[in-house]
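Peer 1: Take a look at this one; I'll ask things after.
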Amino acid sequence: MKPTDPTFQKIIEEGSPASARRIRESLIKRIQDITKRKLIIYIASMTHPMASIMPLDVPIFEDMLRTSSEATRADLMINSPGGDANTAEKLLIMCRTRFSDEFNVIVPNFAKSAATMIALGADKIYMGYLSELGPVDPQISVPLPTGQVQFVPARTYLGGLERIRERIANGEPPQVYLPILSQIRPEMIKLCEEAIDFSAEFLRKWLPQGVLKNSASKVNEIVEALVGGARYKSHGQVIDHGEAIRLGLNIELIEPKSEFWNLLWELYLRSIHFLNLSRNAAKLFEAEASSITLNIEAIQAMPRPPSPSQPPASSPL
């Protein structure tokens with residue numbers, strides 16, 4: 001397929017061929033021929049409510065790594081909205097232990113929040129011109145009167161309380177804020193503080209071993225940018241390759257007209273198309289010699305799970 005061909009259109013017109021897995025396997029092998037490294041795939045469905053990184057991923061992910069256990073250099077191609085930071089760290093440790101000589105992350109489209117955390121612990125992040133990372137400020141789940149859950153940034157939650165404190169200190173009557181304050185559980189304040197500390201400590205631990213190993217003096221600056229909210233006001237804000245390079249991260253831009261990008265993009269599109277056609281498929285884990293789909297049906301209607309790294313009602317998404 002030429003770099004100028006409409007890839008997604010061609011894949012959709014193919015329907016659902018029985019050879020879909022063989023085509024993806026062939027693409028993986030061709031990419032490995034270019035990089036001279038093993039390739040592991042972690043692609044989350046963009047439409048599944050349980051697409052987040054979670055403990056259920058670990059045994060499946062280990063199966064992928066075991067098929068490449070003789071390799072000491074590998075790339076993880078990941079597309080994920082984020083999820084549980086504790087599991088993200090576990091997946092990162094597994095990769096760094098297995099692939100002790102070189103471990104890189106390839107982002108074909110987006111690796112947000114906890115997926116960004118995995119990328120930051122890699123030796124290098126390969127990004128296309130449309131690829132994006134994101135801030136890693138933790139989100140907390142706040143129960144609504146309807147019984148549903150709303151995720152809000154932990155720093156925003158604490159910032160709102162600080163704003164109320166300042167207004168009362170400046171003379172506004174405290175009783176005005178009593179209806180709001182009466183709904184706040186004290187443990188939520190501690191929860192927010194611990195969630196922020198966890199994200200900051202994660203970066204301080206892994207950045208010097210990962211994409212900041214050659215400029216470790218910038219660690220605190222990156223922590224403040226990605227966790228503290230000084231530089232990025234929105235949790236979903238786009239950090240493209242240019243912005244990531246300006247932060248000082250070890251980024252390599254994949255030339256959009258190169259064979260490497262063309263193969264990666266086709267593999268990514270074929271992976272998400274496969275997930276879209278697969279009933280209840282949340283994620284695709286794949287390597288040259290193995291392919292496993294994580295299907296989740298019984299808990300589709302449930303909200304994303306809280307992070308076990310903090311008390312209940314917390315999520316790093």
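Peer 1: Looking only at region 43-66, decide whether some residue is touching a Ser or Thr at 6+ places or on another chain (Cβ under 9 Å), at pLDDT below 95 and hydroxyl-bearing (Ser, Thr, Tyr).
Peer 2: yes
Peer 1: I want to confirm something. Restricting to region 24-45 and keeping residues that are among the hydroxyl-bearing types (Ser, Thr, Tyr) and assigned to a helix (DSSP H, G or I), which single residue is farthest from the chain's Cα centre (by Cα)?
Peer 2: To start, the set of residues in region 24-45 that are among the hydroxyl-bearing types (Ser, Thr, Tyr) comprises 26, 35, 42, 45.
This time we only want the ones that are assigned to a helix (DSSP H, G or I), so: 26, 35.
On the way: Ser26: 26, Thr35: 23 Å.
Within region 24-45, the match that is farthest from the chain's Cα centre (by Cα) is Ser26.
Peer 1: Search region 29-47 for residues that are in contact (Cβ under 8 Å) with a residue 24 or more places away in the chain and pair each with any residue that is of a type in the set (Val, Ile, Thr) and crowded, with 24+ Cβ neighbours inside 10 Å when their beta-carbon atoms are under 6 Å apart and the residues are at least 6 apart or on different chains.
Peer 2: Sorted first by the residue in region 29-47, then by its partner, the pairs are Tyr42/Ile78.
Peer 1: Still on this structure: Go through region 213-243 and give me each residue that's under 18 Å from the mean Cα position of the chain (by Cα) and under 25 Å from Ser100 (Cβ atoms).
Peer 2: Listed by number, the list holds a single entry, Ile222.
Peer 1: What strands (runs of 3 or more DSSP E) lie completely within region 80-150 and have 1 or more residues being modelled with pLDDT of 95 or more, buried (at least 18 other Cβ atoms within 10 Å of the Cβ) and touching a strand residue (DSSP E or B) at 6+ places or on another chain (Cβ under 6 Å)?
Peer 2: Working: elements: 102-107, 124-127, 139-143.
In region 80-150, 102-107, 124-127 are the strands (runs of 3 or more DSSP E) which contain 1 or more residues that are modelled with pLDDT of 95 or more, buried (at least 18 other Cβ atoms within 10 Å of the Cβ) and touching a strand residue (DSSP E or B) at 6+ places or on another chain (Cβ under 6 Å).
Peer 1: Go through the residues of region 77-90 one by one and say whether even a single one is free of Cβ contacts under 8 Å to residues at least 12 places away in the same chain, farther than 16 Å from Lys112 by Cβ and not small (Gly, Ala, Ser). Please lay out each step first, then the result.
Peer 2: Within region 77-90, the subset free of Cβ contacts under 8 Å to residues at least 12 places away in the same chain is none.
No, region 77-90 contains no residue that is free of Cβ contacts under 8 Å to residues at least 12 places away in the same chain, farther than 16 Å from Lys112 by Cβ and not small (Gly, Ala, Ser).
Peer 1: Follow-up question, since we're still on this one. Quickly run through region 46-68 and pick out the residues that are in a loop (DSSP other than H, G, I, E, B) and touching an Asp or Glu at 6+ places or on another chain (Cβ under 8 Å).
Peer 2: Let us first name the residues in region 46-68 that are in a loop (DSSP other than H, G, I, E, B), namely 46-52, 54-56, 67-68.
Passing the criteria: Ser52, Met54, Pro55, Thr67, Ser68.
Here is a yes/no grid of residues against (1) surrounded by 18 or more Cβ atoms within 10 Å (Cβ to Cβ); (2) free of Cβ contacts under 8 Å to residues at least 12 places away in the same chain; (3) in contact with a Phe, Trp or Tyr (Cβ under 7 Å, 6 or more places away or on another chain); (4) closer than 24 Å to Asp84 by Cα:
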| position | (1), (2), (3), (4) |
| --- | --- |
| Ala200 | yes, no, no, yes |
| Glu224 | no, yes, no, yes |
| Tyr232 | yes, no, no, yes |
| Val238 | no, no, no, yes |
| Ala244 | yes, no, no, yes |
| Glu255 | no, yes, yes, no |
| Asn262 | yes, no, no, no |
| Leu267 | yes, no, no, no |
| Arg270 | yes, no, no, no |
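Peer 1: So which residues in region 207-221 are touching a residue at least 40 places away in the same chain (Cβ under 8 Å) and out of contact with any Lys or Arg (no Cβ under 9 Å at 6 or more places or on another chain)?
Peer 2: Matches in region 207-221: Lys213 only.
The values are calculated or read from the model by the stated rules, or taken from the named source; none is laboratory data. It should be emphasised that the depicted structure is a prediction, and the values quoted were computed from it without experimental measurement. Backbone-built Cβ (ideal geometry, glycine too); neighbour counts: all protein chains shown.
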